[in-house]
Amino acid sequence: MSKKIIFITGVTSGVGRETARRFIKEGWKVIGTGRRQSRLDELAAELGGDFLPLCFDVAKRDVVVEMFANLPEGFKDIDVLLNNAGSSIGQNPAQAGNMDDWDEMIATNINGLLYCTRCVLPGMIERGSGHIVNIGSVAGNRAFKCGNVYGATKAFVNHFSRMLRCDLLGTPVRVTNIKPGHLHTEFLAVRFKGDLKTSEAAYENLDPLTPENIAESVWWSVNLPAHMDVCDMELMPMCQSDGGWSFCHKS
Ligand code: NDP
């Protein structure tokens, strides 16, 4: 039997990289993307011939369309798309937001996810099997200070995932939205624009989720019986909960 294939966006770090490792270990083929060629080269050296690295920006629509149209033999019939590439950039209140940061988050977290999904779906429907797994966030359900545009992009992922299930009803393609909470990757280093002191301090004396934990949840979701779809999964570390209400008292 031929090996199954997962296409993972954003394998140069964090969740994507660990999920790539996990699926290769389980005997799948992995197509992994990212913008940093050197990181892709390192991963390709580690994972071997069942890993196909593709260096591109998921936010560039024409590039995405071309990549999917020209996948090499042996990597065309994608079983699972993991829409993982994403970022949270900047830590300002909306009234002082950096609009370049907003554009980049919207382009990656929303447009990139849409382009990849649109490209992969017709083949999945034609082949009679497929699974779209989106990485959302607890930020898509909850409001917190300075989460503004990032949280809104993940709310988009929530609702698009639900709407997609409606469109795909009657096809064998499943849709899953996995929503992690505090998770130790390079994510906060990106939010704080390379300020590792601040980003690493956010994990101090805590036991956050790990990329391996999320890879496990992806593995579990896609290996359930074909008639079962995990629509929505929220994962938080035990050290995290909701914050409650904030009030501005009269002076
Ligand atoms: P990392 O910053 O460690 O990894 C992000 C990955 O996305 C990198 O491989 C990066 O690759 C890729 N990426 C970002 N922008 C683009 C782009 N425009 N085109 C292609 N690839 C891109 O973060 P995580 O592993 O934590 O993030 C994975 C997902 O998990 C994201 O969707 C994030 O929103 C979500 N998430 C993370 C949480 C956390 O606390 N860590 C919590 C909840 C959700 P490169 O830079 O090489 O392009």
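Couple of notes before you dig in:
- Matching entry among LEU235, LEU224 (being more than 14 Å from the ligand (Cβ to nearest atom) and surrounded by 13 or more Cβ atoms within 10 Å (Cβ to Cβ)): LEU224
- Within region 211-237, the residues that satisfy the criterion of being free of Cβ contacts under 8 Å to residues at least 40 places away in the same chain and closer than 25 Å to ALA155 by Cβ are ASN213, SER217, TRP220.
- For beta carbons closer than 6 Å, sequence separation of 6+ or different chains, a first residue in region 13-42 that is more than 17 Å from PRO211 (Cα to Cα) and a second that is among the small types (Gly, Ala, Ser) and within 9 Å of the ligand (Cβ to nearest atom), the qualifying pairs are LEU40/GLY34.
- Where helices (runs of 4 or more DSSP H) sit wholly within region 11-120, those with at least 3 residues that are modelled with pLDDT of 95 or more and surrounded by fewer than 18 Cβ atoms within 10 Å (Cβ to Cβ) occupy 37-47, 61-69, 99-105.
- Test: SER217 is within 18 Å of ILE6 (Cα to Cα) and either modelled with pLDDT of 95 or more or under 15 Å from the mean Cα position of the chain (by Cα) (or both): yes
- Considering region 151-251, the qualifying helices (runs of 4 or more DSSP H), each wholly inside and each with 1 or more residues that are out of contact with any Gly (no Cβ under 7 Å at 6 or more places or on another chain) and of a type in the set (Ser, Thr, Tyr), run over 196-201, 211-222.
- Some residue of region 88-101 being under 27 Å from ASN223 (Cα atoms) and of a type in the set (A, V, I, L, M): no
- Filter pass, ARG165 being among the charged types (D, E, K, R), surrounded by 21 or more Cβ atoms within 10 Å (Cβ to Cβ) and more than 11 Å from the ligand (Cβ to nearest atom): no
- Test: residue in region 205-218 that is surrounded by 13 or more Cβ atoms within 10 Å (Cβ to Cβ) and small (Gly, Ala, Ser): yes
- Of the residues making up region 199-234, not one is of a type in the set (Val, Ile, Thr) and on the phi > 0 side of the Ramachandran plot.
- Selected residue (criterion: nearest to the ligand (Cβ to nearest atom)) from residues of region 1-10 that are modelled with pLDDT of 95 or more and more than 18 Å from ILE214 (Cα to Cα): ILE5
- For LEU188, the criteria (1) within 18 Å of the chain's Cα centre (by Cα); (2) crowded, with 17+ Cβ neighbours inside 10 Å; (3) modelled with pLDDT of 95 or more hold in every case but one, which is (3).
- Test: residue in region 53-61 that is within 15 Å of the ligand (Cβ to nearest atom) and over 17 Å from the mean Cα position of the chain (by Cα): yes
The values are calculated or read from the model by the stated rules, or taken from the named source; none is laboratory data. In this text, all values refer to a predicted model and were calculated from it rather than measured experimentally. Cβ sites come from the backbone with ideal geometry, for glycine too, and all protein chains shown count toward neighbours.
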